[in-house]
Each structure stands twice: as structure tokens, then as C-alpha cells.
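The values are calculated or read from the model by the stated rules, or taken from the named source; none is laboratory data. Keep in mind that this is a model prediction, so the values were computed, not measured. Using ideal geometry, Cβ is built from the backbone for each residue, glycine included, and neighbour counts are taken over all protein chains shown. Each accessible area value is taken on the protein alone, full model and side chains, heavy atoms only, with ligands, DNA and RNA left out. Shrake-Rupley method; radii C 1.70, N 1.55, O 1.52, S 1.80 Å.
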Amino acid sequence: MLPPRTPLAELPTPLMELPRFGAAIGARVLCKRDDVGGPGTAGNKVRKLERLLGLVGPDAAVVTIGAAQSNHARATAAACARLGRRCVLVLGGDEPAGPPAGNHLLDVLFGAELAWAGSTAWDDLAARAELEAQRLRDAGEEVLVLPAGGSLPAGAVAFADAYAELVAQLDEPVGEIVHASTTGGTHGGLVAGRVLGGGVRPAVRGVVVIEDPHDGLADLYAWLAREAVALLGGTSDVHRNDLLLEYGFLGDGYGAPTPEGVDAIRLLARTEGIVCDPVYTGKALACLVERARAGAYADDAVVFWHTGGWPAVLTPSGGQILH
Ligand SMILES: *Cc1c(COP(=O)(O)O)cnc(C)c1O
């Protein structure tokens with residue numbers, strides 16, 4: 001069943017041209033600004049939460065997991081603050097030494113309860129989240145446990161809606177959307193939106209910025225797309241081979257900066273005053289830059305879907321990478 005929407009995001013997010021950036025790479029580039037607005041300085045996870053929070057009653061506590069600098073965890077903390085819900089975040093690793101920074105600082109500011117898992121293995125985080133949830137249930141609370149990135153089919157539905165939101169803003173031909181992808185709610189949802197719109201352009205190109213040791217991400221993304229279409233009353237046979245996925249921009253792994261990602265971040269910052277991060281959006285932008293320079297956007301504009309993530313830049317490690 002399609003859960004009701006809980007209004008949180010400031011929609012539609014702006015669509016703006018990047019003239020100086022585009023001139024530097026020889027393409028007409030539009031930017032979908034999911035990095036701006038609220039709550040909690042936004043990013044792509046807020047859209048998903050609008051649907052996910054409708055899976056439970058209005059007083060349910062929310063438990064979720066993420067890396068120490070998780071954007072999804074921070075967005076969940078902000079949403080819960082606005083809605084007056086209890087929020088427990090299970091974060092990877094040990095509590096960092098020194099004062100909190102970046103998303104961690106925001107988690108604290110939004111009043112979330114933090115549990116450091118002491119491990120960065122996703123299975124360990126999920127097990128700890130289950131323990132925290134049980135603790136709350138034992139105390140009589142209703143609990144919503146969200147997976148990493150909030151990428152359940154209900155979350156992907158939000159990006160099917162976002163695809164339609166973009167199409168309504170376009171007044172020129174656009175060949176493709178380029179965006180960063182990990183847990184797949186964004187990619188699956190955008191693909192679902194394209195299917196529901198009749199399969200017209202723009203196409204959706206996902207730049208995978210996480211390891212995929214068992215080659216399972218494409219199956220996951222295709223499944224999320226089919227499920228999102230189904231929740232919205234349609235049918236789809238989207239298969240992994242239908243997806244446009246780029247695996248060549250990951251570098252040494254999730255969170256490890258790449259030289260081309262850092263170059264792309266600097267170029268966008270210095271031509272447009274817009275901030276990307278080295279974990280997600282910088283790597284997606286590096287893909288866009290490489291394709292533009294190879295002539296892929298000679299005929300039509302391209303949309304860079306800015307999925308947020310810039311708070312992680314304002315940390316000591318961001319300073320090391322981007323100085
Ligand atoms: C989570 C995230 C993504 C990836 O979105 P998924 O739907 O999890 O694939 C991209 N960019 C940023 C900044 C993110 O925080």
C-alpha cells in the first residue's frame with residue numbers, strides 16, 4: 001500500500017542553469033537543487049522520509065543506521081525534530097574524538113539519541129538497530145526501523161514523484177540526468193518515474209559510489225523501480241540490463257576521495273558557488289564532466305541531480321581533502 005505523504009521538504013526544489021560551469025566543460029548543464037531547502041539542510045533523503053514516515057503512526061519512534069557522517073541519519077534526525085518524534089541513530093564506528101562536526105554535529109543539534117556501533121559492518125549496524133528498537137518496544141513504543149539510506153520501495157516512490165517534478169520544470173530537451181547512487185532509492189525511484197511517464201527522455205544515469213562485491217546493486221535498483229511503479233498503480237518489467245549505471249568513478253571505495261572527484265568539486269565551487277562532497281556528488285559530477293568532455297552532451301542539455309551531502313565537507317577530513 002502507498003503510504004501517505006508527510007510534508008517535510010520544500011518542493012519543488014529549484015532547477016537552475018550552471019552557465020559558467022557548463023562553459024568550462026563544453027555542455028549545457030542544469031542543476032536540480034535537492035541540496036537546498038529544509039528541513040535540516042535537506043538532501044535527497046528528505047524526499048524519501050516524506051513517504052517512509054507514513055508507514056507508521058504519527059507518534060512512532062524512528063530507528064535507523066548510517067555511517068558516522070550519514071546524510072540519511074541526519075535528515076531523519078531533522079525530520080523527527082520537526083515532527084516531535086523520538087529518533088535513535090545507530091552510527092558506524094566509534095564516537096569520533098573531539099567536538100562533533102558536520103552531520104554528526106547536526107544529529108546532536110536535532111536531539112537524536114546516538115548509539116555508536118563500534119563496527120562499520122552493515123550487518124552489525126542493522127543488528128544493533130534491532131536491539132535499540134526492541135528496547136523501545138519493550139517500553140511500549142511503536143517503532144519504525146529504517147534501513148540504510150531509507151531505500152524501501154515507499155522511499156523510492158518519492159523519487160518517482162521527483163522525476164515528474166523535474167519534467168514539469170523543463171522547457172528544453174534534456175538527454176539525461178546524472179546522479180550519485182548507493183542504496184538505490186533515488187535511482188530506482190527516478191527510473192520508476194520515467195517508466196510512469198512513458199519512458200520518454202531524460203534517461204537516468206546512476207554513478208555508483210559504493211562497492212558492489214556480489215554484483216547485486218543493479219538487481220536491487222531494478223527491484224526498487226518495479227516496486228515503486230507497483231505502489232503507484234502501474235506495472236513494469238524493468239530489468240537490471242535496462243539501467244544506465246557507471247561503476248568507474250568509485251576509486252578506492254565508498255568515502256575514499258578520487259582526484260577527478262575533487263577536481264569536479266573545485267570546478268563547480270569556483271564557477272558557481274555550489275558545494276559538492278567527495279563521497280557522493282563529487283564522484284557523480286566527475287562522471288558528468290568526463291562525459292561532457294567526450295561530447296556526450298553536444299546536442300542536448302544534461303541535468304546534474306544534486307543530492308546534497310555537503311555538511312560532510314565541514315569536518316576535519318573534509319578539510320584534509322578539499323583545502
Ligand atoms: C544517500 C545519498 C545518495 C545516494 O542515494 P541512494 O538513494 O541511497 O542511492 C547520493 N547523494 C547523497 C549526498 C546521499 O546522501
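Key figures for this structure:
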{"quantity": "Residue-wise HN-Hα coupling along the stretch 243-259, computed from phi with Karplus coefficients 6.51, -1.76, 1.60 (Hz; x: Gly, Pro)", "calculated": "8, 9, 10, 10, 10, x, 10, 6, x, 7, x, 4, x, 7, x, 10, x"}
{"quantity": "Helical contribution to [θ] at 222 nm, DSSP H n ≥ 4, -39,500 (n - 2.57), averaged over the chain, rounded to 500", "calculated": "-12500 deg cm²/dmol"}
{"quantity": "Over 33 Å [Cα-Cα, the chain], rounded percent", "calculated": "20 percent"}
{"quantity": "Percent RCO, i.e. relative contact order, over the chain, from Cα pairs under 8 Å lying at least 6 residues apart", "calculated": "21 percent"}
{"quantity": "Eligible aspartates and glutamates near residue 283 by straight Cα distance, threshold 18 Å, same-chain separation 8 or greater", "calculated": "34, 35, 176, 211, 212, 246, 252, 260, 263, 272"}
{"quantity": "Rh (Kirkwood; distinct C-alpha pairs) - the stretch 119-267, Å", "calculated": "16.9 Å"}
{"quantity": "With every protein chain in place, the stretch 85-191: carbon and sulfur % of accessible area (1.4 Å)", "calculated": "56 percent"}
{"quantity": "Distance from the stretch 272-315 to the stretch 1-56 (C-alpha centre basis), Å", "calculated": "14 Å"}
{"quantity": "Gained length - residue 116 relative to residue 5, 0.36 nm times residue gap less alpha-carbon distance", "calculated": "36.9 nm"}
{"quantity": "For the chain, Cys with no neighbouring Cys Cβ under 4.7 Å", "calculated": "31, 276, 287"}
{"quantity": "Antiparallel DSSP beta bridges within the chain, percent to nearest 5", "calculated": "10 percent"}
{"quantity": "Candidates 307, 271, 41: whichever shows maximal mean-square fluctuation once the chain is modelled as a Gaussian network with Cα springs under 10 Å", "calculated": "271"}
